[in-house]
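Colleague: Take this structure first; my questions come after.
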Amino acid sequence: MKKFLGPVVTSKSIGKSLIQINDLFPMAKRFGYDSIILCESHPKSWPTFINLAKKYKIVPYILFEMKGKIYFPVNSKELLEIIQFYNGKKENINVRYFEKNEIKEKILFPTQTVKELLDSENISGGCLKGNLKIEDYLGSNILKYINSTTPSYNVKDFYVNLPQMGGFKRLYESLLPYMAKLPDEYMQRLKKELLVIKDMEVSDYILTVKKIVETARNTGAYVGPGRGSAVGSLIVYMLGITLIDPIKYNLYFERFLNPSRKELPDIDLDIDSENRDNVIKKLNEIFSIAQVRTYVRMKEKSAVKKAKEILGYDMSQKLKFPIRSLENMKRYPNMDEKLKKFYTLAFYFEGLEIAESVHAAGVILSKEDMGLKIPLDYRQNNIPITLWEMDELKLSGIEKFDILSLDTLALLKRFNFKYAKDKFVNLEDKEVYKLISAGLTEGIFQLESRLGKKLSRKLAPKNFMELTILLAMNRPGPLNSGMFDEYLEGSSREYLKKLLPETKGVIIFQEQVMYIAQKLGGLSPEESDDFRKAMSKKDIEKLKKLKEKFIFNAAKKIGNKESQELYSKIEKFAEYAFNKSHSVAYAHLSYWLAEIKTRERCKFFLEYIKFKGLSETLFEESKYMNIQIKNASILYPQGMCKDNALYLPLRVIKGVGIFAEEVLTKDIKEKGNYKDFEDFIKRTKEKRITRNIIEQMIKGGVFDIFTKNRRQLLRMISEIEHNTSRKAKKILSDVFGENISTDKEVITDKEDIIKFEKEVYGFKIN
């Protein structure tokens, strides 16, 4: 006889349940249940529920509550009908249903202890336990039907097809125009890549990415030169998806696409941050598109804080993070009762869904209507959001496309930077490397952090390859592992220096792990990628055979002791080794910005400030580079570079903003500069330039061209607003004999200016 647990509501029903779906199945198994009944008013939990049921060999039952009815789908076809019903694609569905009163109570708590500790009047429901009686929870009609039915669900039935873009034939035809001019080395590489792409049936995926890139460029967006392992593919380069020649930089195709991995390649795209949303909207006109749901989950410290609030005491100092660590679990039996209660609550709070969000980059694309296959949230904008997270979509075989927003590209666009051919060739300007080596990297992509500046000075790159190495090293891992010091000292073994000359024998890039595995270890290109991945993931099972082969072959060339030492070195550094393809691509962005900064210093600082804001570190660096930053001026609302002086744009003044800057720029363009402060007030009275904005501008020295007495200007605002100018006051005094005491001027001293500027700029400018 079946032993049922349910109906269960999971924590995906935010605020209604404390049962995380990943806890549900192991607990059910421990209590001896062979069937679980899920009952929710949404399909958010379905893929994980079905997948875990298969893993734990538990029969899954899905009930769906909507519009006062309890629907009971018994197969994937009926689940799809409900999804279409939920998405508004169908008005009626042919799925067995029961009245809502057939559900007497739902299970919302993971344990009785949690239920008692919460003592909540807002949430009433059952808890997971071993002696649950299903008839206490379900009515006789639905119970009878469930007892006589065994559902059959398959997550693969939710699969959404990738756009069909013409397949391998179309891909091959796209490459034909370039083949006649290809050097032999490139032709051999092309043939090799074509064979793998055809065999792995990923042509449509690659062509879809090509279409995304073309669409983005046609909207006027800047697309990055490349990102991640895709930069290692010649075909991806020839199709114009990436702009970096992989053969020039000795990048590996296998790092991008390996037949032994049996998974889609991952081509991530960078789009300038000011145009990404426009690109997504344009893609929505071409494809069926959806953004990907994510959840904000309660982190360990928040879980402890929540437990503390409920129980009224703090036991966090006795717990190790994360709460669900094996160490805490082992300690649990010996904890005192007070700590046990605290730990139990914190345990079930950790990882709990508390809010819905949207994946920063991920979208899924298809030519078919996705609303027929997966549940969607249509409430935000015109782009729906999947109700399933990426891991759940993957269970159905659905892959996302990552379209990331990158500020650096938007900044390059502001400089009207063009991807001209020479920009990929001329990367060795000594003055550019002097700038980087001096650590003057404020605003330079990947190098503007304190660590980035420090490493720039220490490594002092003199060419593009060294810049690529700098970017790869600019992480805590390489520093803590000793990789950075070994590179600076040049202390590697001689045979490694000969093998890896560009990095002085130090294993910095993942591709170098692959190269050594092939050159000394006798592994094939595909095996070398497996070796690299297994090393970084510490996959002992996969490494076992590859390690034996590596050491056996390496010993023939460098000796047994050396081969063992080399394996240990690779093992040590593989975890921190960086993707060379990614580093090369991003080093181009760093170089281009550094080049602009070297040649057009003032313009660089001005545009960077307009885009990212003013900081004290940037202010100090500009002074060091002989650019004098001056307070904003009413003559130049959008800022100005003039004779090595940079006048700040109005937007950097706290409380002013871009709107006021644009309004004043337009007014000056149409009517000329303001004659004096009174003229400014009169001309802007109807332009929504508020008194608060004007006061902030005065404090920021915007009107110093008229008078440097900022306190006097602050007083004048009120006088002019009430039409009591000096001339008016004099008439009043002459006619009526009134003494206007405010006629006496106030003085603005240095302390006032410092105080004002700290208030509106964040620090002293003058």
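Colleague: Please enumerate the residues belonging to region 1-28 that are basic (Lys, Arg) and at pLDDT below 95. Reasoning before the result, please.
Modeller: Step one: list which residues in region 1-28 are basic (Lys, Arg), which gives 2-3, 12, 16.
Hits for region 1-28 are 2, 3, 16.
Table: residues versus (1) over 30 Å from residue 617 (Cβ atoms); (2) charged (D, E, K, R); (3) at pLDDT 65 or above.
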position	(1), (2), (3)
708	no, yes, yes
723	yes, no, no
726	yes, yes, no
746	yes, no, yes
749	no, yes, yes
753	no, no, yes
762	no, no, yes
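Colleague: Of the numbered conditions (1) closer than 24 Å to residue 589 by Cα; (2) not in a loop (DSSP other than H, G, I, E, B), residue 247 fails exactly one; give the number of that condition.
Modeller: (2)
Colleague: Let me ask another. Only residues that are touching a strand residue (DSSP E or B) at 6+ places or on another chain (Cβ under 8 Å) and exposed (fewer than 14 other Cβ atoms within 10 Å of the Cβ): list them for region 636-683, please.
Modeller: 644, 645
Colleague: Within region 302-329, count every residue that is under 15 Å from residue 117 (Cα atoms), assigned to a helix (DSSP H, G or I) and of a type in the set (Gly, Ala, Ser).
Modeller: Going through region 302-329 one residue at a time, the tally reaches 2.
Colleague: Okay, next question. Can you find a residue in region 38-56 that is without any contact (Cβ under 8 Å) to a residue 40 or more places away in the chain, under 18 Å from residue 133 (Cα atoms), aliphatic (A, V, I, L, M) and surrounded by fewer than 17 Cβ atoms within 10 Å (Cβ to Cβ)?
Modeller: no
Colleague: Show the residue pairs meeting these rules: Cβ distance below 6 Å; 6+ apart or different chains; first residue within region 702-717 and touching a residue at least 24 places away in the same chain (Cβ under 8 Å); second residue in a loop (DSSP other than H, G, I, E, B) and acidic (Asp, Glu).
Modeller: Between residues of region 702-717 that are touching a residue at least 24 places away in the same chain (Cβ under 8 Å) and residues that are in a loop (DSSP other than H, G, I, E, B) and acidic (Asp, Glu), the close pairs are 706/676; 712/745.
Colleague: Return a yes/no flag: does region 354-369 have any residue that is free of Cβ contacts under 8 Å to residues at least 24 places away in the same chain, surrounded by fewer than 22 Cβ atoms within 10 Å (Cβ to Cβ) and under 27 Å from residue 19 (Cα atoms). Before the answer, list the steps.
Modeller: Going through region 354-369, the residues free of Cβ contacts under 8 Å to residues at least 24 places away in the same chain turn out to be none.
Within region 354-369, none of the residues are free of Cβ contacts under 8 Å to residues at least 24 places away in the same chain, surrounded by fewer than 22 Cβ atoms within 10 Å (Cβ to Cβ) and under 27 Å from residue 19 (Cα atoms).
Colleague: Looking at region 303-330 only, could you name the residues that are within 11 Å of residue 347 (Cα to Cα), surrounded by 15 or more Cβ atoms within 10 Å (Cβ to Cβ) and among the small types (Gly, Ala, Ser)?
Modeller: 303, 307
Colleague: Tell me which residues, restricted to region 250-293, are part of a strand (DSSP E or B) and of a type in the set (S, T, N, Q). Steps first, answer last, please.
Modeller: Filtering region 250-293 for residues part of a strand (DSSP E or B) gives 269-272, 288-293.
Selection gives 288, 291.
Colleague: Quick check on this structure: which one of 566, 589, 543, 635 is modelled with pLDDT of 95 or more, in a helix (DSSP H, G or I) and either at positive phi or among the aliphatic types (A, V, I, L, M) (or both)? Outline the logic, then answer.
Modeller: Numbers: 566 fails: modelled with pLDDT of 95 or more; 543 fails: modelled with pLDDT of 95 or more; 635 fails: in a helix (DSSP H, G or I).
Just a single option satisfies the conditions, and that option is 589.
Colleague: Given the conditions (1) farther than 18 Å from residue 110 by Cβ; (2) buried (at least 18 other Cβ atoms within 10 Å of the Cβ), which single one is not true for residue 348?
Modeller: (1)
Colleague: Right, here's the next one. Looking at residue 610, is it outside any loop (DSSP other than H, G, I, E, B) and surrounded by fewer than 18 Cβ atoms within 10 Å (Cβ to Cβ)? Give the steps one after another, and end with the answer.
Modeller: Numbers: outside any loop (DSSP other than H, G, I, E, B): yes; surrounded by fewer than 18 Cβ atoms within 10 Å (Cβ to Cβ): no.
In short, no.
Colleague: Quick one: in region 234-269, of everything that is acidic (Asp, Glu) and surrounded by fewer than 24 Cβ atoms within 10 Å (Cβ to Cβ), which residue is farthest from residue 580 (Cα to Cα)?
Modeller: We begin by selecting, within region 234-269, every residue acidic (Asp, Glu); these are 245, 254, 263, 266, 268.
Those still in the list that are surrounded by fewer than 24 Cβ atoms within 10 Å (Cβ to Cβ) too: 245, 263, 266, 268.
Details: 245: 13, 263: 21, 266: 16, 268: 15 Å.
Across region 234-269, the extreme among qualifying residues is 263.
Colleague: For region 163-177, indicate whether the set of residues that are polar (S, T, N, Q), in the same structural domain as residue 285 (by TED's automatic domain parsing), out of contact with any Lys or Arg (no Cβ under 7 Å at 6 or more places or on another chain) and within 20 Å of residue 258 (Cβ to Cβ) is non-empty. Before you say what the answer is, go through the steps one by one.
Modeller: Restricting attention to region 163-177, the residues satisfying the condition of being polar (S, T, N, Q) are 164, 174.
Keeping just the survivors that are in the same structural domain as residue 285 (by TED's automatic domain parsing) gives 164, 174.
Still in the running and out of contact with any Lys or Arg (no Cβ under 7 Å at 6 or more places or on another chain): 174.
Still in the list and also within 20 Å of residue 258 (Cβ to Cβ): none.
So far as region 163-177 goes, no, none of its residues is polar (S, T, N, Q), in the same structural domain as residue 285 (by TED's automatic domain parsing), out of contact with any Lys or Arg (no Cβ under 7 Å at 6 or more places or on another chain) and within 20 Å of residue 258 (Cβ to Cβ).
Colleague: Give me the pairs, please: first residue somewhere in region 673-693 and assigned by TED's automatic domain parsing to the domain that holds residue 655, second residue anywhere and loosely packed, with under 11 Cβ neighbours inside 10 Å and outside any loop (DSSP other than H, G, I, E, B), beta-carbon distance under 9 Å, and either six or more positions apart or on two chains.
Modeller: 683/671
Colleague: Being more than 22 Å from residue 50 (Cα to Cα) and of a type in the set (Ser, Thr, Tyr), is that true of even one residue in region 167-175?
Modeller: Going residue by residue through region 167-175, those that are more than 22 Å from residue 50 (Cα to Cα) are 167-175.
Checking the rest, the ones that are also of a type in the set (Ser, Thr, Tyr) come to 172, 174.
Looking through region 167-175, at least one residue is more than 22 Å from residue 50 (Cα to Cα) and of a type in the set (Ser, Thr, Tyr).
The values are calculated or read from the model by the stated rules, or taken from the named source; none is laboratory data. All figures in this text were calculated on a predicted structure; none of them were measured in a lab. With ideal geometry, Cβ positions are generated from the backbone for all residues, glycine too; neighbour counts draw on all protein chains shown.
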